[in-house]
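The values are calculated or read from the model by the stated rules, or taken from the named source; none is laboratory data. Quick caveat: nothing in here was measured; it's all calculated off a predicted structure. All Cβ positions, glycine included, derive from the backbone under ideal geometry; neighbour counts span all protein chains shown.
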Amino acid sequence: MPTAVLMLSGLGLLWGCGTTGPDFQVRSDPWRSPEERACLASGVVRQTAFVHERSALGGPSVCGAENPFEMSAADNGRVVLEPAASLRCPMIPQIDRWVREVVEPAVRYQFRQELVGLTVLASYSCRPMNSVEGAMISEHAYANAVDIGGFKLADGRTISVKRGWNGTSSERAFLRVVHDGSCEYFTTVLGPNYNSLHSDHFHLDLAHHGRDGLMRICK
C-alpha cells in the first residue's frame, strides 16, 4: 500500500460547496460514509509533504466528504498532480497504485522515459453529471472522482488525451493501455470513446454500480 497518505485525528463532517437545489438530483448512497470511515480508520492515509488534510471544501451542502484531502503528488512524491486534487480517502491509495502499476510502466515501455506529472482537469466540484442542469449529482461532488488530461514525461513532453488519443502510434498505444488498465483500479473509467464530453480526459471514480455495488463501467 502507498505511504503517501494521512493519519486523521477525527471524523468531523466537512461538506462541500455552494447550495443545493434543482440544479442536480441527489442520490441516496448508504455505502459512502461507511466506506470513507473504514478508509480513514485503516491508517492507509498518512501525512506527507504531498497529501494534506483539508479543513473544508466549502459548504454546507450535500456535496463533499467527511474528511477531504489535497493530493499534490503520487508514488511517494515522484509524480506531481498539476493542479493538486481534492479527494476523499479511498481515492488516494487507488491513484497511487494506478500511477505506480499502470501509468509508470506504460510510460517506460512506450517512451523510454520516466513519468513526472499528471495534468488534473477536475477533482472536487459540487455539480451535476457532465454539468447538465437537472442531472444526477456527479461523483466529483463527493470528491470521489478525478479527470486526467495529460501525462508529463521527464524529457518535458506531455502526452495529452485530447491530441494523443488519435495521435502517433506510440501515443495511441500508451493511452489505450492506460485507459484499459485504469479499469482494474477504478469502478468507473470514461474516455474519448465514451462521448465528446470526455474527448480530452480520462474520468476515474470509485462509485458503486449495480445492486451489489460490484459492477464496473469501462468505456
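For segment 173-219, enumerate the residues that are among the β-branched types (V, I, T) and over 21 Å from Y142 (Cα atoms). Within segment 173-219, V177, V178 qualify. Suppose we filter L197, L190, L204 for residues that are crowded, with 20+ Cβ neighbours inside 10 Å, aliphatic (A, V, I, L, M) and over 17 Å from E101 (Cβ atoms); which single one remains? Every option except L190 fails the conditions.
If you filter segment 76-129 down to residues that are at pLDDT below 95 and of a type in the set (A, V, I, L, M, F, W, C), you find that the one that is surrounded by the fewest Cβ atoms within 10 Å (Cβ to Cβ) is M129.
Residues that are acidic (D, E), surrounded by 15 or more Cβ atoms within 10 Å (Cβ to Cβ) and at pLDDT below 95 occur at least once in segment 40-57. Residues that are in contact (Cβ under 8 Å) with a residue 24 or more places away in the chain and under 22 Å from S182 (Cβ atoms) number at least 3 in the following helices (runs of 4 or more DSSP H) confined to segment 55-164: 91-98, 104-111.
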